[in-house]
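These notes concern the structure reproduced below.
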Amino acid sequence: GKWHMGVNCKTRHDHCHHPLNHGFDYFYGMPFTLVNECQGTDDPELAKSLQDKYWFYTQMLIFAVFTLVIGKLANLFPVKWKIIICLAICGLLHFISWFSSYGFTKYWNCILMRNHDITEQPMNLQKTTSNLLKEAITFIERNKHRPFLLFVSLLHVHTPLITTEKFQGRSRHGLYGDNVEEMDWMVGKLLDVIDKEDLKNTTFIYFASDHGGFLEAHRGNSQLGGWNGIYKGGKGMGGWEGGIRVPGIVRWPGVLPAGTVIDEPTSLMDIYPTVVQLAGGAVPQDRVMDGHTLLPLLQGTEQHSRHEFLFHYCGVFLHAVRWHHKDSGTIWKAHYATPVFQPEGSGACFRRGICPCFGDGVTHHDPPLLFNLSQDPSEANPLSADTEPLFATVMRRIRRAVEEHHKTLTPVPQQLSPYNNIWKPWLQPCCGTFPFCWCHEDNNKA
């Protein structure tokens with residue numbers, strides 16, 4: 001499915017970010033992410049504001065060149081042809097550099113790979129659902145006689161909400177609902193294979209989302225990014241509950257009792273130590289592990305999550321801290337930074353498209369905003385020393401936890417730096433001769 005970690009670091013074929021360089025033995029899916037450009041029917045998504053800005057600069061350069069040419073031909077002012085030619089070349093290079101990055105996003109970004117080979121460039125979204133499902137099913141069938149780990153990262157329910165014709169109009173909740181229906185059908189197909197191969201009682205299955213609904217995703221009056229219920233905020237917001245509180249559903253018949261509801265804070269970081277324990281291994285002991293195995297909580301041998309504190313980041317910036325006070329059962333959360341909603345009070349960043357993690361789009365709080373999630377899960381009423389007798393005590397304990405947490409962090413190269421984020425043509429995966437990167441697996445087989 002969707003890997004979203006990229007492929008190369010220094011050369012087109014070093015594959016340093018590829019799944020096969022990070023513990024996986026087989027890969028089929030998107031090395032990048034799904035954007036509106038992949039479908040070509042919605043507004044451009046990838047740095048739309050930058051595209052508008054670059055196009056404005058290009059127009060200014062074109063206007064400047066035409067002005068100089070007309071002025072030269074009409075002898076209105078003296079200017080050398082060399083200067084005009086140099087300016088025209090610079091304008092052309094500027095246009096090519098940004099347009100090749102954004103204008104051809106569908107061809108550069110929307111690709112499918114099997115292991116190290118590109119199978120589709122650009123990918124055919126009408127067939128992607130069946131392709132992913134077929135790959136997952138055949139993987140289970142190939143490995144049914146031995147232990148296996150199958151990680152399926154679905155392209156559903158990610159915008160632009162690719163939905164096959166069979167499921168369009170199926171839901172009463174518009175295109176997003178149709179997308180959820182198809183995702184549910186896909187998960188059902190995978191569970192059917194597990195059951196058919198008699199693996200039900202020996203297979204641990206964990207289903208979850210990576211973030212809350214994408215509130216800013218709209219087409220006209222239609223909401224395309226989901227809904228977060230009573231929880232404030234959404235995708236891209238590292239602190240608000242609507243951005244980080246997601247359901248987790250577990251199935252392991254014969255081991256875990258059905259119908260059990262566990263209302264304890266856990267984390268997607270818990271998947272790693274859980275899988276390691278299931279495989280009979282041991283997590284590394286030379287570093288602090290942020291995750292904890294879920295098995296004691298799921299099996300009922302422990303009643304409380306091992307997470308007393310959870311540190312909620314937006315990118316590399318600590319936005320909020322959650323404290324699960326074991327004695328009282330109260331869950332406190334302190335926000336050090338929150339996104340500036342646009343318009344104010346809207347609960348999202350509609351003008352930006354998605355909320356930023358830093359800069360002028362973020363408000364820093366000193367003292368932090370404190371909420372009692374046990375009583376105020378919508379985070380509507382921030383507490384203060386005047387309204388909460390335990391305010392000073394809670395803030396002191398959270399501050400100490402943050403200091404202890406910071407001591408466990410080891411500086412690493414900034415992967416989200418501007419240089420690492422810009423498009424580098426020389427690293428572009430390409431199934432042909434760059435920049436003519438077009439191929440389809442059926443054609444290649446033929």
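Before moving on, here are some points about what is shown:
- Taking 17 Å as the straight-line reach from the Cα of residue 424, the aspartates and glutamates in range (excluding those fewer than 8 positions away in the same chain) are 14.
- Under Karplus coefficients 6.51, -1.76 and 1.60, residue-wise ³J(HN,Hα) of the range 328-341 in Hz, glycine/proline x: 9, x, 6, 10, 9, 9, 10, 9, 8, 8, 9, x, 7, 6
- Ranked by solvent-accessible area (1.4 Å probe, protein heavy atoms only, all chains present), the residues 5, 269 order from largest to smallest as 5, 269.
- In this simple spin-label approximation, residue 301 and residue 57 carry label points 7 Å from Cα along the Cα→Cβ vector, and these lie 5.9 nm apart.
- Cubic angstrom per residue, convex hull over Cα atoms of the range 216-346: 170
- Using alpha-carbon coordinates, inclination of helix 81-102 to the longest axis of the chain, degrees: 30
- With the simple model of a label 7 Å out from the Cα in the direction of the Cβ, residue 70 to residue 168 spans 4.7 nm.
- Measuring between alpha carbons in the structure, the pairs from 53/232; 53/106; 127/235; 166/189; 2/127 lying more than 24 angstrom apart are 53/232; 127/235.
- Ordered by 1.4 Å accessible area with all protein chains kept, 376, 360 run largest first as 360, 376.
- Here the range 286-325 is treated as an ellipsoid with the same Cα gyration tensor; its semi-axes, largest first and in whole Å, are 23, 13, 8.
- Volume per residue of the C-alpha convex hull in the range 303-446, rounded to whole Å³: 230
- Taking 0.890 mPa s as the viscosity and 25 °C as the temperature, the Stokes-Einstein diffusion coefficient of the chain based on its alpha-carbon Kirkwood radius rounds to 97 µm²/s.
- Heavy-atom SASA rank of 302, 388, 403, 120 (probe 1.4 Å, accessible area, largest first): 403, 302, 388, 120
The values are calculated or read from the model by the stated rules, or taken from the named source; none is laboratory data. Values in this document were obtained by computation on a predicted structure and should not be read as measured data. Glycine gets a Cβ as well: all are built from the backbone with ideal geometry, and neighbour counts include every protein chain shown. Just so you know, the surface numbers come from the protein's heavy atoms only, side chains and all, with ligands and any DNA or RNA stripped out. Shrake-Rupley method; radii C 1.70, N 1.55, O 1.52, S 1.80 Å.
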